[in-house]
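Here the structure is laid out as structure tokens; the discussion comes afterwards.
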Amino acid sequence: MTPGVDEQAAAELASALQAAARIVVFTGAGVSTDCGIPDFRSPTGIWQDNKPISFQEFMASEEMRREAWRRKFAIQPSFEAAERDGVKKSPAHSAIRTLYETGRVSAVITQNIDNLHQASGIPADDVVELHGNGSYAACLDCGTRHELPFIRERFDDAGGPPPCTACGGTLKTATISFGQSMPQEEMLRAQAETLACDLFLALGSSLVVHPAATLPALAAQNGARLAIVNREETPLDGHAEIVVRGDIGVAFRPWLSARAR
């Protein structure tokens, strides 16, 4: 029995996972909610209380830069707790790591910025971060990496973020904001991995954010099997060979059970 999901769909997913030779895992915010990180669009999501600050607003206004950093430091404890403790208890991350350990996952492509795939044990080189990484900051002028505790200490002392220690430029979390260009290298790699796979597994994503949401359809159009696991319907369900509605950890149980035997 597979409570919480359609048993036939979960069985089909298990069969597809067993048969695939080259798998791409594509993840969204739903993978991380059981680690204690809220999503963005739901009624309890982050954006209900704070309208996103666009890249253009961030660059144009010192006040908005301070506000962006204030928000970051306000939510940072939940991200740190998730990376330290939450990911260890996450059925979704555990299932993805187990799948990765079969040697048949060529890449984990993620819309998430929480660094949890790496914290779960997947090598950073095999994680393609389409929207960047919120666990550190980078200079927008020279790209020099800066750690968050360094910025937090100076933010608390001065009421604003410090300049880049290398060139004096503007520091921003290493994430992609609305209005900011997508990272070209990561997008090209994601597209190449998508075209090379025979199973594209979309997990916990609403599949409404573009251009990332074009990847599952690209996989299906190229002849790969497309499987979607999400609690809610997505616009790409009609393109998928397998749709499992429900929790990711529960959806993986038939495959995990078969693997354990």
Most mobile of 134, 28, 169 in a GNM of the chain (Cα contacts under 10 Å): 169
Degrees, to the nearest 10: 62-84 long Cα axis against longest axis of the chain: 40
Under 13 Å, Cβ to Cβ, from residue 198 - net charge with Lys/Arg +1 and Asp/Glu -1: +1
Whichever lysines have a C-alpha closer than 27 Å to that of residue 51, once near sequence neighbours (fewer than 8 apart) are set aside: 72, 172
Two-site FRET efficiency, residue 150 against residue 221, from Cβ-Cβ distance with R₀ of 45 Å, rounded to 0.05: 0.50
Check: the chain dipole with +1 on Lys, Arg Cβ and -1 on Asp, Glu Cβ, in debye: 320
Global geometry of the range 78-131, whether rounded, prolate or oblate, following the gyration tensor of its Cα atoms and the 1.5 cut on a/c: oblate
Under the Debye formula (equal points on every Cα, no solvent term), log10 I(q)/I(0) of the range 123-261 at q = 0.18 Å⁻¹: -1.04
Farthest positive-ward along the chain dipole, Cα basis, beta-carbon charges - from 36, 240, 215: 36
Cα centre as origin, Lys/Arg/Asp/Glu Cβ charges: the range 74-220 dipole, Debye: 200
Spatially proximal aspartates and glutamates relative to residue 88 (Cα-Cα < 15 Å; intrachain offsets below 8 disregarded): 34, 80, 114
Charge dipole magnitude, Cβ of K and R +1, D and E -1 - the range 76-158, Cα centre, debye nearest 20: 340
Cα centroid of the range 218-261 to Cα centroid of the range 171-209, whole Å: 18
Summed residue charge, Cβ within 15 Å of residue 179's Cβ, Lys/Arg positive, Asp/Glu negative: +2
Cβ-based net charge around residue 109, under 9 Å, with every Lys or Arg adding one and every Asp or Glu removing one: -2
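The numbers here are math on the coordinates, done by the rules we state, and not lab data. Note that this is a predicted model, so its numbers are computed, not measured. Positions of Cβ are backbone-derived with ideal geometry, glycine not excepted, and every protein chain shown enters the neighbour counts.
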